[in-house]
1. Restricting attention to strands (runs of 3 or more DSSP E) lying wholly within region 51-155, give those where 2 or more residues are touching a residue at least 60 places away in the same chain (Cβ under 8 Å).
2. Which residue is nearest to Glu124 (Cα to Cα), if the candidates are limited to region 8-47 and must be part of a loop (DSSP other than H, G, I, E, B) and aliphatic (A, V, I, L, M)?
3. Restricting region 70-89 to residues that are modelled with pLDDT of 90 or more and surrounded by 14 or more Cβ atoms within 10 Å (Cβ to Cβ), which is nearest to Glu134 (Cα to Cα)?
4. For Asn19, indicate whether it is within 11 Å of the chain's Cα centre (by Cα), modelled with pLDDT under 95 and either on the phi < 0 side of the Ramachandran plot or among the hydroxyl-bearing types (Ser, Thr, Tyr) (or both).
5. Please determine whether any residue of region 123-141 is within 23 Å of Ala36 (Cβ to Cβ), small (Gly, Ala, Ser) and modelled with pLDDT of 85 or more.
6. Looking only at region 20-36, which residues are more than 26 Å from Ala115 (Cβ to Cβ) and surrounded by 13 or more Cβ atoms within 10 Å (Cβ to Cβ)?
7. Considering each residue of region 37-58, count those that are within 13 Å of Glu15 (Cα to Cα), surrounded by 15 or more Cβ atoms within 10 Å (Cβ to Cβ) and more than 16 Å from the chain's Cα centre (by Cα), and give that number.
8. Can you tell me which residue in region 90-127 is farthest from Thr42 (Cα to Cα), limited to those that are of a type in the set (S, T, N, Q) and surrounded by fewer than 15 Cβ atoms within 10 Å (Cβ to Cβ)?
Amino acid sequence: MEKISLKLYEFYNLESELNGVTNQQTGEKISAGLLAEKLKLTTKYWLTELAKKVAAEKATVETLKEELIKKHGETDETGNISIPMYIDIVKDEDGKIVDGKNNPKFIEFQSEFNALLQEEKELEYKPVSLSELENIESDGNYPTFFKLVVADEQA
């Protein structure tokens, strides 16, 4: 096993690279992810283990994000908490926003969350060799994952 230090935002990137991305509003699959590729079973096993670790770290960050939203947000009449990006919004006759001021609470939230995402965390993983990936023909680009790939003589 190896260790690498990643910024917390890179855990989000790596999770997307491994599992793919789906548009939350439409349900449309934007990218399939590396785990959807045809892989050797042992490679898929180690990548699945990696995906579990990455998902756990992402869940921790999401919990902290929710705490920040509660700290800076406002509760609406249905009990939901949110932080509008703009305040004093002016809409046209079609309901589209034409004017508004930046919400200082949103700016504070964004600043704190971005600072959190810059923090580093160590990740323990099994290195993946180039030879394990050589048969994959993919349109995807996996820059964070590529940090975990080693030349065959090192694996």
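1. 120-125
2. That would be Leu39.
3. Top of the filtered list is Ile83.
4. yes
5. yes
6. Gly20, Thr22, Ser31, Ala32, Gly33, Leu34, Leu35, Ala36
7. Counting residues in region 37-58 that are within 13 Å of Glu15 (Cα to Cα), surrounded by 15 or more Cβ atoms within 10 Å (Cβ to Cβ) and more than 16 Å from the chain's Cα centre (by Cα) gives 1.
8. So the residue we want is Asn102.
The values are calculated or read from the model by the stated rules, or taken from the named source; none is laboratory data. Keep in mind that what you see is a predicted model, and the values were worked out from it rather than measured. All Cβ positions, even for glycine, are placed from backbone atoms using ideal geometry, and neighbour counts span all protein chains on display.
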